[in-house]
Amino acid sequence: MTDLFRRPSASSRTAPRRALVGVAAVALSAAALTGCGLGDALVGVQDAPREVGDTAPVSAESAQTIAARVLTDATRAREATGAEAKQLRAKALTGAALTVTSADSRLARAGSTSTEPVTKATPPKVLGISRGNSWPRVMLVQSSREDGRTALNVLVSESASEPFKLASSAAMQPGSSVAALDSLDQGSPLNPQGTGLAVAPKALLEEYAASLRYPKPATAEHVSSSDVFARAVRANAKSQADSFAKLASLRQTHTVQPDNTVVISLRDGGAVVFGLLERTDTITLKPSGKSLTPSADFQKLLGKKTLTKSAQMHTYETVVFTVPAKTGKANLVAVDETLVSAKGE
């Protein structure tokens, strides 16, 4: 974990220059979060809708082939550099995956480090296919990352003329699991409104975002208390704020990005919910504070060696929940973080 700031120096005395916990990185252990071209052919474009709409629009065999190609293309796009990178990302990625990867690319050019939200398809396993012949069409795919972690991925085809693209991806947390979906041949219904769930997806994400803020987090009544990620985010914020003492203040907010929510039904009536949050960390020097000293990586990103007023960081948090039917609490089963941008003065 990279330390982004040293303790603010005091205006009246020389303060100790001990490093602080980085704002953009959550203090979780590794166990707790746990070529450059695309082919010309469209991936996953299907024939015109058939009359029967109560089955999956593609066969299990075709879905497996599509998943492998999409995740391979997504990896190539993520690794691409130079002028072709933007075009490759647009062909292979959409939604949250495109947003996160584009941000990650900007940070890479600045010389900063960040998470790797895009997976490598070796080999993928299709867990579910959306039911019916309407669009968008969705696949839920499990894959393995180069570091050995398991990832959950959503692939989306927006229309008959659009290929499947990687729309969202997050690393599964140790010990987490996803209940069975309907068979690949039958297909799994999409449930964007969360009908019949213990909590609607929109309400769940807003409640979760409020539970992560600092100071004064709200209680997430519909989320299991076993959520390691949330506890780490709150603990990290408090630790950093305590380290600033009387020299600076920290405020942290989390905002739901509603256009990046995908809800896929499970066989037992529950659902898998993919969402995207944007975390904003704001550090403001108090009158007794003189300056903030960013780390070397953060200096490259900001283009400054010292900040005398404030600093603000934006981080994307891709979150995946399983939500039970009717009653019970949601469980966070996968999560990823990527620093988006930073500014300071």
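Throughout, read-outs are computed from the coordinates displayed, never taken from laboratory work. Being a predicted model, the structure only gives us computed values, none of them experimental. With ideal geometry, Cβ positions are generated from the backbone for all residues, glycine too; neighbour counts draw on all protein chains shown.
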| Check: region 149-288 dipole with +1 on Lys, Arg Cβ and -1 on Asp, Glu Cβ, in debye | 860 debye
| note | Taking the square root of 5λ for each eigenvalue of the C-alpha gyration tensor of region 185-292, the equivalent ellipsoid has semi-axes, largest first and in whole angstrom, of 37, 13, 10
| said: Using only the alpha-carbon atoms, what does region 192-233 span along each of its principal axes? Please give whole angstrom values in decreasing order. | reply: 32, 19, 14
| query | Out of every Cα-Cα pair in region 119-201, what percent are more than 20 Å apart? | reply | 39 percent
| query | Efficiency by 1/(1 + (r/R0)^6): what FRET value for Lys246 and Ser225, r their Cβ-Cβ distance, R0 = 25 Å, to the nearest 0.05? | reply | 0.15
| In units of 2.2 N^0.38 Å, what is the alpha-carbon radius of gyration of region 224-345? | 1.32
| When each of Lys86/Lys326; Lys202/Lys305; Lys86/Lys305; Lys86/Lys290; Lys216/Lys343 is checked by Cα-Cα distance, pairs over 32 Å | Lys86/Lys326; Lys202/Lys305; Lys86/Lys290
